[in-house]
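Working notes, structure below.
Read-outs: derived from the displayed coordinates by stated rules, not from any lab. Since we're looking at a predicted model, the values are computed, not measured. Heads up, the Cβs are rebuilt from the backbone with ideal geometry, glycines too, and the neighbour counts pull from every protein chain shown.
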Amino acid sequence: MSQIVRCALIQSSNPINDESVSVADIQKAMLDKHLPMIDDAGKQGVQILGLQEIFNGPYFCPSQDRRWYEAAETIPGPTTEIMQAYAKKYNMVIVVPLYEKEMRGVYYNSAAVVDADGTYLGKYRKQHIPQVAGFWEKYFFKPGNGGYPVFQTKYAKVGVYICYDRHFPEGARCLGLNGAEIVFNPSATVAGLSEYLWKIEQPAHAVANGYYVAASNRVGKEGPWNIGEFYGTSYFVNPRGQFVAEASRDKDELLIADLDLALIDEVRQTWQFFRDRRPDAYDELVRP
């Protein structure tokens, strides 16, 4: 018996690449660009919608410019409240990645999860924070401290993993063990070595854990940093590691896919990876 859930991802370019524009105005422009696409998703009957990493701004981590601290906000907070209204309007779950301010001077790369009735369910904080040329994320974010929560939404059990997290199978497994049926991975990833891995790692997580993965990425180039091209190709992959739907490389796009949760049972009853795990034999995994 099928258990279809209509899901969607939004991939978008940044409309303003001008350092002279205020942080608040850039955020407003990015939010204004997303709202019609969110409306479109709602009108097409999308039940769970995932937005891209720090969706309401540019990916500012190629800089080490402290003005971007101004982009941080509380979760829940003003943008979460806007998304709660849209969720309620369309009876649609929304995964909302934001730059989170916990308190003065303490910031996280996070994602709020809002249920279909507008209820704020909680948040995930990115656990693995890169610090390499072009990706100075430790300047802006603390490592997440909230574990790997899974949220029981109206339509499915949803987990979140953010961008660089995807290189670490341990957290992906934790999400599976915590009951995730669909894992959303919002990203900001530019062409280079990671593009080869983009279509390997997350299908592997889906197979190893018997769940769906919804992977989103930005598109275009963002100035003034010009670290490369965000190559889009957002996609959905099923528990067999098969691609269900894939977006373009260079266009703003709403990608919609109907996911059958019954396939999770079918796959897990064939490949009993959770049954055959040997946590008693994995001591090395928790050694520093």
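Averaging the sequence gap over all C-alpha pairs within less than 8 Å and six or more residues apart, then dividing by the number of residues, gives segment 171-272 a relative contact order of 24 percent.
Order these by the 10 Å Cβ neighbour count, fewest first: L49, L193, L261.
L193, L261, L49
Considering every Cα-Cα pair within segment 193-273, what fraction, in whole percent, is farther apart than 19 Å? Taking all Cα-Cα pairs of segment 193-273, the fraction more than 19 Å apart is 43 percent. The modelled label-to-label distance for the pair L285/L177, using points 7 Å beyond Cα in the direction of Cβ, is 0.6 nm. What separates the Cα centres of segment 206-278 and segment 1-31 is a distance of 18 Å.
Counting charges near Y211 (Lys, Arg +1; Asp, Glu -1) among other residues having Cβ under 10 Å from its Cβ returns a value of +1. Residues considered: Q27, Q47, Q272. Largest GNM mean-square fluctuation over the chain, using C-alpha springs under 10 Å, is found at Q272. Normalising the average separation of contacting C-alpha pairs (under 8 angstrom, six or more residues apart) by the number of residues puts the relative contact order of the chain at 20 percent. Put in line by how crowded their Cβ is, counting other Cβ atoms within 10 Å and starting with the fewest, C174, C7 read C174, C7.
Within the straight-line cut-off of under 17 Å between alpha carbons, the aspartates and glutamates reachable from K88 are D39, D40, D115, D117, sequence neighbours fewer than 8 places apart in one chain being disregarded. Taking the longest Cα principal axis of the chain as reference, the axis of helix 23-43 is set at about 40 degrees. About its Cα centre, the dipole of the chain is roughly 440 debye, where the only charges are +1 on Lys and Arg Cβ and -1 on Asp and Glu Cβ. Relative to the compact-globule estimate of 2.2 N^0.38 Å, the Cα radius of gyration of the chain comes out at 0.95.
How would segment 237-288 be classified by its alpha-carbon gyration tensor: rounded, prolate or oblate, with rounded meaning a/c under 1.5 and the a/b versus b/c comparison settling the rest? The shape class here is oblate.
Here the sum of -39500 (n - 2.57) over DSSP H runs of 4 or more residues, divided by the residues of the chain, equals -7000 deg cm²/dmol at 222 nm, to the nearest 500. Sites listed here are trypsin sites (Lys or Arg not before Pro) in segment 66-121 whose DSSP assignment is loop and whose Cβ has at most 16 other Cβ atoms within 10 Å: R104. Pairs exceeding 24 Å between alpha-carbon atoms, taken from K43/K101; K33/K89; K28/K89; K199/K221; K33/K251: K43/K101.
Dipole of the chain computed with +1 at Lys/Arg Cβ and -1 at Asp/Glu Cβ about the Cα centre; of Q272, Y124, F230, farthest Cα towards the positive end is Q272. Within the chain, the longest segment free of exposed loop sites, counting chymotrypsin sites (Phe, Trp or Tyr not before Pro) that fall outside DSSP classes H, G, I, E and B and have at most 15 other Cβ atoms within 10 Å, spans 1-270. Excluding I75 itself, calculate the net charge of residues whose Cβ lies under 10 Å from the Cβ of I75, where each Lys or Arg counts +1 and each Asp or Glu counts -1. Every neighbour counted, the sum reads 0.
Prolate is the label for segment 1-93, because a/c, from the alpha-carbon gyration tensor with a ≥ b ≥ c as root eigenvalues, is 1.5 or above and a/b exceeds b/c.
In segment 79-203, a dipole from Cβ-located charges (positive for Lys and Arg, negative for Asp and Glu) runs towards its positive end, and of M103, V114, W198 it is M103 whose Cα lies farthest in that direction. If you run the Gaussian network model on the chain, springs between alpha carbon atoms under 10 Å, then out of V244, V46, V219 the most flexible one is V244.
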